[in-house]
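Just so you know, all these numbers are worked out from the coordinates, no wet-lab data involved. Model, not experiment: these values are computed from the prediction. Glycine gets a Cβ as well: all are built from the backbone with ideal geometry, and neighbour counts include every protein chain shown.
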Amino acid sequence: MSTDCIFCKIVRGELSSYKVYEDDAVVAFLDINPISPGHTLVVPKRHVENILDADAETIARVFQAVQKVAKILIEKLGAKGVNVLHNAGREANQEIMHFHVHVIPRYSRDDLKFVDWWRSNIKKLDLAEIHRRITS
Ligand code: 5GP
Ligand code: ZN
């Protein structure tokens, strides 16, 4: 628990949110600044920063809830699919330092251009060299 964390306050009910799903380990609520109708954040109730410092049980519970939320959004809102996104670390655009996974519903012909870095900055890189560094 972190006293001045916005998402901990939402978990404790001190800040209001539009809840989509809740169980003993996880809560999911609408993003206040949605990319698409039904854009939902799935967060563990216990404060951890992101997937890098979460334990395996927390990660499993969060992603089980991600699947449930995705199915709810597809059933209730008529979404045709979802993008699942997690930002880990400030360099990766994480702004709220409480583990959360974005579930972004996608609709027929929604014409949403998913985040501008995705395949927009393809560079010729030496894959063999990068693989050597990863596996050495
Ligand atoms: P990040 O960039 O950290 O992955 O995303 C944080 C997300 O939290 C953003 O999409 C932002 O709109 C959302 N957010 C920030 N503050 C609040 C809040 O007080 N309530 C809700 N529901 N969402 C928030
Ligand atoms: Zn927190």
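So the values come out like this:
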{"read-out": "Residues located in the stretch 85-107, provided they are in a strand (DSSP E or B) and surrounded by 21 or more Cβ atoms within 10 Å (Cβ to Cβ)", "value": "VAL101, VAL103, ILE104, PRO105"}
{"read-out": "Test: residue in the stretch 112-120 that is assigned to a loop (DSSP other than H, G, I, E, B), of a type in the set (A, V, I, L, M) and over 30 Å from CYS5 (Cα atoms)", "value": "yes"}
{"read-out": "Of all residues making up the stretch 1-34, the number that are farther than 11 Å from ARG46 by Cα, among the charged types (D, E, K, R) and free of Cβ contacts under 8 Å to residues at least 24 places away in the same chain", "value": "5"}
{"read-out": "Pairs, first acidic (Asp, Glu) in the stretch 92-103, second within 8 Å of ligand 1 (Cβ to nearest atom), C-beta under 9 Å, six or more apart", "value": "GLU95/ASN87"}
{"read-out": "Selected residue (only one of ALA56, ALA28 is more than 14 Å from ligand 2 (Cβ to nearest atom), among the hydrophobic types (A, V, I, L, M, F, W, C) and under 26 Å from ASP111 (Cα atoms))", "value": "ALA28"}
{"read-out": "Residue in the stretch 72-84 that is under 12 Å from the mean Cα position of the chain (by Cα) and small (Gly, Ala, Ser) present", "value": "no"}
{"read-out": "Search result, residues across the stretch 85-95 that are hydrophobic (A, V, I, L, M, F, W, C) and within 11 Å of the chain's Cα centre (by Cα)", "value": "LEU85, ALA88"}
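Yes or no, residue by residue, for (1) within 29 Å of THR3 (Cβ to Cβ); (2) touching a helix residue (DSSP H, G or I) at 6+ places or on another chain (Cβ under 9 Å); (3) among the basic types (Lys, Arg):
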residue: VAL48; (1), (2), (3): yes, yes, no
residue: VAL66; (1), (2), (3): yes, no, no
residue: ALA79; (1), (2), (3): no, yes, no
residue: GLN94; (1), (2), (3): yes, no, no
residue: HIS100; (1), (2), (3): yes, yes, no
